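Working notes, beginning with the structure itself.
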Amino acid sequence: MKNINITKKDDSPQVTLDFENGLIEFEGECYPENAFDFFDEIIAWLNIYFEDIQKKTTINFKLSYFNSATTQVLFDIFDIMDESGHEDLSINWYYDNDNKGTLKDYTEFSEEFDGLNIQAICLQDI
């Protein structure tokens, strides 16, 4: 399985999908013109990855802003993780104390996917 690295742009995040190291990371702002097109390859990779993954996996969400279309795709990503039944997941949601929206987003995702044990990490504490 090949790794995917997408470079951050003005309207889309840095994305790292690293099979060998079990690392999945989204960092930056995300409001591409068509979020579904942007995430197509990412969703396909995640579906394959979570089909039969047996290794510890760390997923980092370091999104400072995302639009409503991205929210829908993020729910799809969380569904993939949740439905995989994979037990060795470390899911981290980074938030900024100065941006209350990022903490609110964490609350919504952690309540919707309470079986995933998503950890909130304040950027000011690291």
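The table for this structure:
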item	result
Contact order relative to length of segment 4-125, as percent, for alpha carbon pairs under 8 angstrom and 6 or more apart	21
Student exercise, the chain dipole from Lys, Arg, Asp, Glu Cβ charges, in Debye to nearest 20	360
Kirkwood Rh in Å, taken over the chain so that all alpha-carbon pairs contribute	14.7
Global geometry of segment 68-110, whether rounded, prolate or oblate, following the gyration tensor of its Cα atoms and the 1.5 cut on a/c	oblate
Signed unit charges on C-beta, dipole axis of segment 4-125, positive-most listed residue Ser110, Asn34, Cys122	Cys122
Rounded FRET efficiency, nearest 0.05, which uses the C-beta distance separating Glu111 from Asn5 and R0 of 35 Å	0.65
Where labels lie 7 Å past Cα in the beta-carbon direction, separation of Glu83 and Asp125 in nm	3.3
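Taken together, the values in this text are just the output of simple stated rules run on the coordinates, not laboratory data. Values in this document were obtained by computation on a predicted structure and should not be read as measured data. We place every Cβ from the backbone using ideal geometry, glycine too, and count neighbours over all the protein chains shown.
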